[in-house]
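Enquirer: Sharing a structure below in structure tokens format, with a few things to ask.
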Amino acid sequence: MKKISSVEEYIEEHLKWSELLIQLRAILLKTSLEENIKWNCPTYSLNGKNVLGIGAFKNHCCIWFFQGVFLEDNANMLVNAQEGKTKAMRQWRFDSNEIDDILLVESYILEAIENQKLGKEVKIERKKDVVLSELLLNEFIKNTEFKLAFEKLTPGKQREYAEHINEA
């Protein structure tokens, strides 16, 4: 995957959704949020805390709210993108290249900003231990390069791979 260095570049890489991304960005640039590229996507923060991001996918474009669980969502626009995994994050998905109700989008964004100012945040407890299966441990014995590569991963990635293998 190509490393994105600007929001303009992100929009150029997602031409299918460029009109919508430009509209969303215009709304966001009117706020007090700081624009960054994180995880190769446009991300908007307040005082160093991520508030929301925008993303383009094959079949939809979205705004994801990092602490979306606290949004009132009276219009029922939000979904949990990874049910059972994400606790606070919520997405508003768009399947056309235009915003039907700009004022509604703005109201969700302003509520997310206000919630951030109020300190509303789900604290995530991070698992500490990586549980390695016997299968994985045996592979480490057979292949030291594999073991060294695994050990270079962040603890979170080690857990993710180990859990995936353990579930197999």
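Enquirer: Inspect all residues belonging to region 12-19 and state whether any of them is closer than 30 Å to Glu163 by Cα and either touching an Asp or Glu at 6+ places or on another chain (Cβ under 9 Å) or surrounded by fewer than 15 Cβ atoms within 10 Å (Cβ to Cβ) (or both).
Expert: no
Enquirer: For region 55-77, which positions are over 23 Å from Val7 (Cβ atoms) and either of a type in the set (S, T, N, Q) or part of a strand (DSSP E or B) (or both)?
Expert: Correct list: Asn74, Asn76.
Enquirer: If you don't mind, another one. Residue by residue through region 80-96, note down the ones that are open to solvent by 60 Å² or more (accessible area, probe 1.4 Å) and under 20 Å from Leu20 (Cα atoms).
Expert: Those that are open to solvent by 60 Å² or more (accessible area, probe 1.4 Å) and under 20 Å from Leu20 (Cα atoms): Arg93, Asp95.
Enquirer: Quick test for you: out of Asn138, Asn166, pick the one residue that is part of a helix (DSSP H, G or I) and either farther than 18 Å from Lys85 by Cβ or open to solvent by 100 Å² or more (accessible area, probe 1.4 Å) (or both).
Expert: Asn138
Enquirer: Only one of these is surrounded by 13 or more Cβ atoms within 10 Å (Cβ to Cβ), of a type in the set (A, V, I, L, M, F, W, C) and not in a helix (DSSP H, G or I): Ile124, Ile113, Ile99. Name it.
Expert: Going through Ile124, Ile113, Ile99 in turn, the sole match is Ile99.
Enquirer: May I pose another question? Does Ile22 count as under 17 Å from Ile4 (Cα atoms), open to solvent by 10 Å² or more (accessible area, probe 1.4 Å), assigned to a helix (DSSP H, G or I) and β-branched (Val, Ile, Thr)?
Expert: yes
The values are calculated or read from the model by the stated rules, or taken from the named source; none is laboratory data. Here the structure is a predicted model, which means the values were calculated and not measured. Here the Cβ is made from the backbone with ideal geometry for all residues, glycine too, and neighbour counts use every protein chain on show. These area figures cover heavy atoms from the full protein model, side chains too; ligands, DNA and RNA do not enter into them. Shrake-Rupley method; radii C 1.70, N 1.55, O 1.52, S 1.80 Å.
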